[in-house]
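A.B. asks: Got a structure for you, questions after.
FYI, it's all coordinate maths here, none of it is from the lab. What you see is a predicted model, and the numbers here were worked out from it, not measured in a lab. Methodologically, a virtual Cβ is constructed for each residue, glycine included, from the backbone with ideal geometry; neighbour enumeration extends over all protein chains shown.
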C-alpha cells in the first residue's frame, strides 16, 4: 500500500546525520521518491541545510514538504513542542510526519548525554488531541500509527504484541521489566 508519488514531492530528513533517509525501511508504507532535503545541526556530506533546531524555526516556507521524516532526532531537543508545531507549519495539508525516537524504558535512551527528552506511548497525544496550551485548533495531526518497538527476544515472547494491544497495562506494570527500544509514530496533517 505505497502512497502515490508526486513528481515534485518534497521530503525533509530532519536530523539526517551522515546519510539521508538511513532508516526509511522502518516506514515501509511510504514512497520516499522525490526531492530529499537533509537538515542537521552539523555539516556533513548529506546535509543540505545546517540548522540548530534549539535556536529557531525550521528555515522553510509554510506548506512546503509532503513528508517530514525524523529518526532519533527529537530526543536531542530542548523544546520539542516548538519544533513539532513548526513541522506542522512546513507540512502540506495531508502531508506525513514520520517519527522514530528511543522509548523511555530503553537503557540507551539516556546513555547519550545529548539525549535530553524521553518519549513513551502517549508523548505525542497533544498533537492529535489538542490538549496542550501551545496548540491551536488548526494545528492538528491525525494519528495513523503508533507502535512500541522491542528487540527480537521480547518480540518472540509476544511482549511487543501485548504492549501495543494493552499499552496502559504495559506502561503501568511491565515497562520497567520488559524494556522497549523505540517509539514509532506516523502522523498526517489534518488542516
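A.B. asks: So if the hydrodynamic radius of region 9-116 is defined as the Kirkwood radius over C-alpha pairs, what does Stokes-Einstein give as its diffusion coefficient at 25 °C and 0.890 mPa s, in µm² per second?
C.D. replies: Answer, rounded: 173 µm²/s.
A.B. asks: Okay, moving on. Computed from the mean reciprocal separation of all distinct C-alpha pairs, what Kirkwood hydrodynamic radius does region 27-81 have, in Å?
C.D. replies: Taking the inverse mean of 1/r over all distinct Cα pairs, region 27-81 comes out at 12.9 Å.
A.B. asks: Which of 89, 152, 100 ends up with the largest GNM mean-square fluctuation for the chain, with Cα atoms connected below 10 Å?
C.D. replies: 152
A.B. asks: Further question: When the chain is treated as a GNM, springs tying every alpha-carbon pair under 10 Å, which of 153, 119, 32 comes out with the largest mean-square fluctuation?
C.D. replies: Per the Cα network of the chain with a 10 Å cutoff, 153 tops the list.
A.B. asks: Looking only at region 62-191, where both bridge partners belong to it, what percent of the DSSP beta bridges are antiparallel (to the nearest 5)?
C.D. replies: Percentage antiparallel, nearest 5: 70.
A.B. asks: Can you give the translational diffusion coefficient of region 72-175 in µm²/s, computed by Stokes-Einstein from the Kirkwood radius over Cα pairs at 25 °C and 0.890 mPa s?
C.D. replies: 161
A.B. asks: For the chain, just the Cα set please: Rg and Dmax, both in angstrom.
C.D. replies: 16.4, 48
A.B. asks: Sorting check: for 179-185, 168-174, 104-110, 64-70, which peptide has the highest mean count of neighbouring beta carbons within 10 Å, and how do the rest follow?
C.D. replies: Going from most to least packed, we get 64-70, 179-185, 104-110, 168-174.
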